[in-house]
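Below is one structure, written out as structure tokens; the observations come after it.
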Amino acid sequence: MALVLVFMGPPGAGKSTMAKKLVSDYGLAHFSTGDIIREKIASDPEFKAEFEALIKAGKLLDDERTKQLLLEKIKASDISNGFILDGYPRTVNQAKDLEEILKELGLELNGVIYFSLPEDVAVERLTQRLQCPKCGKIYNLASVRPKVDNICDDCGAKLVARSDDETESIRTRFREYEAKTKPVVEYYREQGLLYEIDVNDTVEANYKKLKDLVEKIKSKEIT
Ligand code: AMP
């Protein structure tokens, strides 16, 4: 049966890093709305002209456009083992959109995993983050350094900092998170779907906690 998980947590919590590891262990699809939006900016000049500044400033794209971009991507993907939503939903309205999307696909949400981390640690991680523009692999200058400075270990591309990982837009992203995304956490808590893990640890230790939790969610799914 397909497993559907939502990853939530403040910017810098390591959602994408954890998702990429889980995807390779469980054969899940991975939908990061942040990646989907960045891809769209890179490939569609009209979209870029309209929305690049908004995203760079750390503001959210509107719910309807975000839903359409996500749906397009889901429909073009193999989701037979299920998928992880990373960075979606970010508003209560998006959580309701997701219910519609899952209904249409005949799927159910199995769990929402909330990655908790003190804000100062998250900010520090973001300011040290580098990403491979080709394969999306994420590095951190303090903890997960590439073997050769500024070069991706896996595909040899030159690493870049994300354009929204600047102090001012980091602050805006935290404000957006507090105002719009925190209520989504409560929405799922009330539905009994929320599981929390503390990710103020190494990548390996955090991933072990995540895998133990996913195993629990999976066993609940089949009982
Ligand atoms: P992320 O890679 O998840 O940190 O997302 C980067 C940026 O993409 C966010 O700061 C938003 O501007 C935009 N974005 C990503 N996901 C969403 C979403 N679910 N709704 C609206 N905007 C989003």
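Throughout, read-outs are computed from the coordinates displayed, never taken from laboratory work. Quick caveat: nothing in here was measured; it's all calculated off a predicted structure. Note that we place each Cβ from the backbone using ideal geometry, even for glycine, and neighbour counts take in every protein chain shown.
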request  = Mind giving me the nanometre distance, one decimal, between the label points for R171 and S116, set 7 Å out from Cα along Cα→Cβ?
outcome  = 2.7
query = ³J(HN,Hα) across region 138-149 via Karplus (A = 6.51, B = -1.76, C = 1.60, θ = phi - 60°), whole Hz, x for Gly/Pro?
reply = 10, 10, 9, 4, 8, 10, 10, 7, x, 5, 10, 3
query = Sequence-distant or interchain residues sharing an amide H contact under 5 Å with F83, placed H: which?
reply = L3, V4, L5, A29
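Counting pairs of alpha carbon atoms under 8 Å apart in space and at least six apart in sequence, what relative contact order in percent does the chain give?
Working: 308 pairs, mean separation 66.3, N = 223.
Value for the chain: 30 percent.
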request  = Would you mind checking which residues have amide H under 5 Å from M8's amide H? H placed 1.01 Å from N; only 5 or more apart, or other chain.
outcome  = I113, Y114, F115
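What is the antiparallel percent of DSSP beta bridges lying wholly in region 23-169, to the nearest 5?
Working: 6 of 10 bridges.
If we restrict to bridges inside region 23-169, about 60 percent are antiparallel.
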query = If you find the alpha carbon centre of region 1-48 and of region 130-196, how far apart are they in angstrom?
reply = 10
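Under 10 Å from the Cβ of D35, count the other residues' Cβ atoms, weight Lys and Arg +1, Asp and Glu -1, and hand me the total. Provide the component values of the computation, followed by the final result.
Values: positive: R38, K40, K73; negative: E39, D86.
Within the 10 Å Cβ shell, the charges total +1.
Taking 25 Å as R0, compute the FRET efficiency from the Cβ-Cβ separation of K75 and L54 and round it to 0.05.
Values: r = 25 Å, r/R0 = 1.01.
My answer for the efficiency is 0.50.
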query = Quick one: length gained pulling T202 to K147 fully straight, 0.36 nm per residue minus the C-alpha distance?
reply = 18.0 nm
ask   = With each pseudo-label sitting 7 Å past Cα toward Cβ, what's the V23-L102 distance in nm, one decimal?
value = 2.0
message = Could you list F7, F174 so that the one with the fewest beta carbons within 10 Å of its beta carbon is first and the one with the most is last?
response = F174, F7
query = Got a sec? Which residues in region 1-41 would a label at S163 touch, if it sits 7 Å along Cα→Cβ and we count backbone N under 12 Å?
reply = 38-41
message = Which of rounded, prolate or oblate describes the chain when judged by the alpha-carbon gyration tensor and an a/c cut-off of 1.5?
response = rounded
query = Which of V112, V185, L141 sits closest to the plus end of the dipole of region 99-223, meaning its Cα is farthest towards the positive end, when Lys and Arg get +1 and Asp and Glu get -1 on the C-beta?
reply = L141
task = Among G156, G27, G111, determine the one that fluctuates most according to a GNM of the chain built with springs between C-alpha atoms less than 10 Å apart.
result = G156
key: Charge tally in the Cβ shell below 11 Å around I55, where Lys, Arg are +1 and Asp, Glu are -1, I55 excluded   = +4
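Find, to one decimal place in angstroms, the Kirkwood hydrodynamic radius of region 29-122, where the mean of 1/r is taken over every pair of different Cα atoms and then inverted.
Working: mean 1/r = 0.0687 Å⁻¹.
Result for region 29-122, one decimal place: 14.6 Å.
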